[in-house]
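Here is the structure we will look at, set down as structure tokens.
The values are calculated or read from the model by the stated rules, or taken from the named source; none is laboratory data. The shown structure was predicted, so the numbers you read here are calculated from the model rather than taken from an experiment. So basically every Cβ, Gly included, is an ideal-geometry build from the backbone, and we count neighbours across all protein chains shown. Ligands, DNA and RNA are stripped out before the accessible areas are found, and what is left, the full protein with its side chains, is counted by its heavy atoms. Shrake-Rupley method; radii C 1.70, N 1.55, O 1.52, S 1.80 Å.
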Amino acid sequence: MKKPGKVYLVGAGPGDPGLITVRGKRLLERAEVVVYDYLANRKLLKHVPSTAELIYVGKKGGVKHTYTQEEINQILVDQAQLGKMVVRLKGGDPFIFGRGGEELETLHTAKIDFEVVPGVTSATAAATYAGIPITHRDYTASVAFITGHEDPAKKTSNIDWQKLATGAGTLVVYMGIKNLPIIVDKLIRYGRDPKTPVAVVRWASTPDQRSVVGTLDTINDVVSESGIKPPALIIVGEVVKLRETIDWYEKRPLFTKRILVTRTRAQASDLVAGLEEYGANCLEYSTINIKPVDSYEVLDEELDRIHEYHWILFTSLNGVKYFFERLYARGMDARDLKGPSIATVGKATADLLLQYGVHADLIPSTFTGEGLAESLLDQGVEGRNILIPRAREGREILPENLRGAGAQVTVAPVYVNCPAEDDKETMCSELRAGNVDMITFTSSSTVRNFLKMLGVKSKQEIRQLLAGVKIAAIGPITAKTVTDSGLEVDVQPERYTIPDMIAAVVDYYSGDPGK
Ligand code: SAH
């Protein structure tokens, strides 16, 4: 017999993908089908198994609905009847203006099992992320959630504005931007003080959050001047004043900064996570795809005589990763490396190496190939056998310096860098539209591949396209590649690590908010 399907109605939270519940995330990890909305952050879909079917039933206020509610209900029924584990992912909380109840009534009628997982509703999130405590002992003891979507021409309203106007201390209106003038008018008409503070918060808890503040008698003008559009919430009440003291989210040093992070697909994006912690809106683009080499001929041969080596040098994270993959594939492990001493170009590479069970014997104080060569030369390398597992096309400076000092150097290619093409179009259009404040480069090859992706030929063309865009380079070599291409470097940390790079970007913007 076919296993019966089940539908889990899950609140996705207000926008920040970190604000889904642990239970919601666990269900996404098990989902076979995910039916999701416009307001559910797509970043949450990264939790879903790659085999799951994703069905977008987006609804966007004002724009023609992609699916009617009846059609969505039917999709849920159909998928569950196929025996699937269905997650119905909805923005905020499913039961707060989310039609969650209607969907479940349909499932009940169709005799389909369901569960509900609440979510952080956008009202509390918007208030929190705008620095407004939704209740406060000194100001209000009650709060009302109201829909502002109701057709204002409707004769018999479901909303008793007369009672609400003064009946609750704080009012939060969902879907109210279009009807803002009517709502404000009703509140004032029914006795709310026109000087009552009002905040309007758009895309709360996301890097695109924008909020404006006024009073009941000014907020219409404030909103139309600022051009704020849905999705946004209206928060009315004395508590809005507290924003002056409590605002924290929008005060973070990189808030509103759009930073294009060039990286390799395989690399965990510590840089993005770090910049986002300070409020940046990161646009991540891989400029490089990393692939294993077609043939491990060189490395295999050297591994057979690894005990003859005095040094193994790792100059990149991927060098470590692919070296060990091959080592394991050949039935060897860390114990086979006990002969040679091991050096890495920097701390991150050494940390990764330790995850494979091996301590680095040497990390230079300057994290570059030159720095590494210098440290080794200090120790004397004449007649020493040195193995460098690294990218097929890499800089020759390290092997050359070592050879110059009398070492026997073997370069074993373990991976290949190739330009990534997938996101080229979106990246270029973001740049052309002037949507980028800064670009970060963490290696010379990210610079070169980025320029290749742009497809521009002359230095003048590059400068034109990137006019006004700031550039951060992790170290002097990356910086030189940037300046060689005709651009200028605005930010460069003293030490060539990701945490230092993040700190340098924060420093750059903290000094002068006008940048
Ligand atoms: N179930 C959802 C609400 C859906 S109604 C919840 O619990 O939050 C859609 C309305 O929610 C939008 O028109 C807007 O008023 C509000 N909304 C949802 N997400 C929002 C966000 N991130 N920022 C501001 N308003 C949001």
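If I fit a long axis through the Cα atoms of helix 444-454 and take the longest principal axis of the Cα atoms of the chain, what angle between them do I get, 0 to 90°, rounded to 10?
Tilt relative to the chain: about 50 degrees.
Out of the total accessible area of the chain (probe 1.4 Å, heavy atoms of protein only), what percent is carbon and sulfur?
50 percent
Once the Cα gyration tensor of the range 155-226 is diagonalised, what are the square roots of 5 times its eigenvalues, in whole Å and ordered largest first, as equivalent ellipsoid semi-axes?
For the range 155-226, the ellipsoid semi-axes come out as 22, 14, 12 Å.
From the helices alone, meaning DSSP H stretches of at least four residues, give me the mean residue ellipticity at 222 nm for the chain, per-run term -39500 (n - 2.57), in deg cm²/dmol to the nearest 500.
Taking each H run of at least 4 residues, the total per residue is -10000 deg cm²/dmol.
Using the Karplus curve 6.51 cos²θ - 1.76 cosθ + 1.60 with θ = phi - 60°, what ³J(HN,Hα) values do you get for each residue of the range 136-148, in whole Hz, with x for Gly and Pro?
My calculation for the range 136-148 gives 7, 4, 7, 10, 7, 10, 8, 9, 10, 9, 10, 8, x Hz in order.
Can you check what the Kirkwood hydrodynamic radius comes to for the range 354-451, Cα pairs only, in Å to one decimal?
Every distinct Cα pair counted, the radius reaches 16.5 Å.
For V293, list long-range residues whose amide hydrogen, built 1.01 Å from N in the peptide plane, is under 5 Å from its own amide hydrogen.
Under 5 Å from the amide H of V293: Y415, V416.
Report the Cα-based extents of the range 124-247 along its three principal axes, largest first, to the nearest Å.
Principal-axis extents of the Cα atoms in the range 124-247, largest first: 40, 32, 22 Å.
When the Karplus curve 6.51 cos²θ - 1.76 cosθ + 1.60 is applied with θ = phi - 60°, which whole-Hz ³J(HN,Hα) does each residue of the range 197-202 get, with x for Gly and Pro?
My calculation for the range 197-202 gives x, 9, 10, 10, 10, 9 Hz in order.
Give the Debye-formula value of log10 I(q)/I(0) at each listed q (0.09, 0.11, 0.13 Å⁻¹), with one equal scatterer per alpha carbon of the chain, two decimals each.
-0.82, -1.05, -1.23
With every protein chain present, what is the per residue accessible area of the range 332-402 (1.4 Å probe, Å²)?
50 Å²
Arrange the peptides 283-295, 231-243 so that the one whose residues have, on average, the most other Cβ atoms within 10 Å appears first.
Top of the packing list down: 231-243, 283-295.
How big is the range 291-417 in terms of Cα radius of gyration and Dmax, in angstroms?
When restricted to the Cα atoms of the range 291-417, Rg and Dmax are 13.2, 36 Å.
What accessible area per residue comes out for the range 235-315, rounded to a whole number of Å², with a 1.4 Å probe?
Accessible area per residue: 45 Å².
For A110 and A329 in the same chain, what is the full-extension length gain: residue separation times 0.36 nm, less their Cα-Cα distance, in nm?
Full extension from A110 to A329 adds 73.6 nm.
Rounded to two decimals, what is the ratio between the C-alpha radius of gyration of the range 382-509 and 2.2 N^0.38 Å?
Dividing the Cα radius of gyration by 2.2 N^0.38 Å gives 1.25.
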